[in-house]
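What follows is a short report on a single structure.
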Amino acid sequence: MAQEFDIPFPQYMWITSKTDTSQALRTIGRPAVLKVVQADMWHRSDKGGVQAGVTQSQDIQTFLNKHGDTDIILQEQAEDVVEVFVGMKHDLQWGWFLVIGTGGIYAEVYQDFVMGTMPITKFSIWRLLKQTNVYQILCGSRGTSYDTQFVVDTIFNLHLCALSFPDLEEIDVNPIIVYAHGGTMVDFKAKKRA
């Protein structure tokens, strides 16, 4: 699905107790991130379901021992630069709406969000993004500019993805990591309608 909609993700692989953890780290690279993949776990870091900075096989084994009864991925660790949140939700009465803002584990604390309706154009995504504080950071408020066109294109592609699957109720991307050129999504969750 990600390739079909040109949505960038870091390299990852599924990990089990039978995985050659040394080979997994060589394949993904160091440092890496371990994540629990569980349908009802929306805030993994709050529940100990994420471990960044994985560099040794023993790190993987310890995480597996702690979370062995769940699905686990080992993911390439993205550089920590600027984080953007994108949420999309379908309401039976109002249809799809979009939320954009500052991302990361403190997204709720910053309360830097704007909302729009979908379907949406790239121009309208630009207008929404410009209303956020994170836009000022993306535009170089501290001397370094980041790829705002990448953010707009990625949000637009996510919106096309949401509209293409009638059984979807919600998409949550937190965060999109944005670099000076390009970026990646390190956490993508989709929820089907009940």
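Within the range 48-62, track down each residue that is loosely packed, with under 15 Cβ neighbours inside 10 Å and in a loop (DSSP other than H, G, I, E, B). Residues satisfying the conditions are 48, 55, 56.
Residues that are open to solvent by less than 40 Å² (accessible area, probe 1.4 Å) and not in a loop (DSSP other than H, G, I, E, B) within the range 13-34 comprise 15, 21, 24, 25, 28, 32, 33, 34, listed in sequence order.
Name the residue that is nearest to residue 70 (Cα to Cα), counting only residues in the range 1-12 that are surrounded by 15 or more Cβ atoms within 10 Å (Cβ to Cβ) and not β-branched (Val, Ile, Thr). Top of the filtered list is 12. In the range 91-110, the residue that is farthest from residue 122 (Cα to Cα) out of those that are of a type outside the set (S, T, N, Q) and assigned to a strand (DSSP E or B) is 91.
Kindly indicate whether any position in the range 63-73 is in a helix (DSSP H, G or I) and free of Cβ contacts under 8 Å to residues at least 24 places away in the same chain. Looking for residues that are in a helix (DSSP H, G or I) and free of Cβ contacts under 8 Å to residues at least 24 places away in the same chain, one finds at least one in the range 63-73, hence yes. A residue that is without any contact (Cβ under 8 Å) to a residue 40 or more places away in the chain, in contact with an Asp or Glu (Cβ under 6 Å, 6 or more places away or on another chain) and not polar (S, T, N, Q) occurs somewhere in the range 101-110.
For (1) part of a loop (DSSP other than H, G, I, E, B); (2) crowded, with 18+ Cβ neighbours inside 10 Å; (3) free of Cβ contacts under 8 Å to residues at least 60 places away in the same chain, each residue gets a yes or a no:
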position: 123; (1), (2), (3): no, no, yes
position: 146; (1), (2), (3): yes, yes, no
position: 149; (1), (2), (3): no, no, yes
position: 152; (1), (2), (3): no, yes, yes
position: 160; (1), (2), (3): no, no, no
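Can you tell which of 66, 35, 47, 18 is out of contact with any Cys (no Cβ under 9 Å at 6 or more places or on another chain), of a type in the set (Lys, Arg) and within 30 Å of residue 166 (Cα to Cα)?
None of the other options fit; the residue is 35.
The residues of the range 125-144 that are open to solvent by less than 80 Å² (accessible area, probe 1.4 Å) and of a type outside the set (Ser, Thr, Tyr), listed by number, are 125, 126, 128, 129, 134, 137, 138, 139, 140, 143.
Sort out which residues of the range 90-112 are touching a helix residue (DSSP H, G or I) at 6+ places or on another chain (Cβ under 9 Å) and open to solvent by 70 Å² or more (accessible area, probe 1.4 Å), and write them in order of number. Within the range 90-112, 105, 110 qualify.
The values are calculated or read from the model by the stated rules, or taken from the named source; none is laboratory data. This structure is a prediction, so every number in the text was calculated from the model and none was measured. Note that we place each Cβ from the backbone using ideal geometry, even for glycine, and neighbour counts take in every protein chain shown. Areas reflect the complete protein model, heavy atoms only, side chains present, ligands, DNA and RNA absent. Shrake-Rupley method; radii C 1.70, N 1.55, O 1.52, S 1.80 Å.
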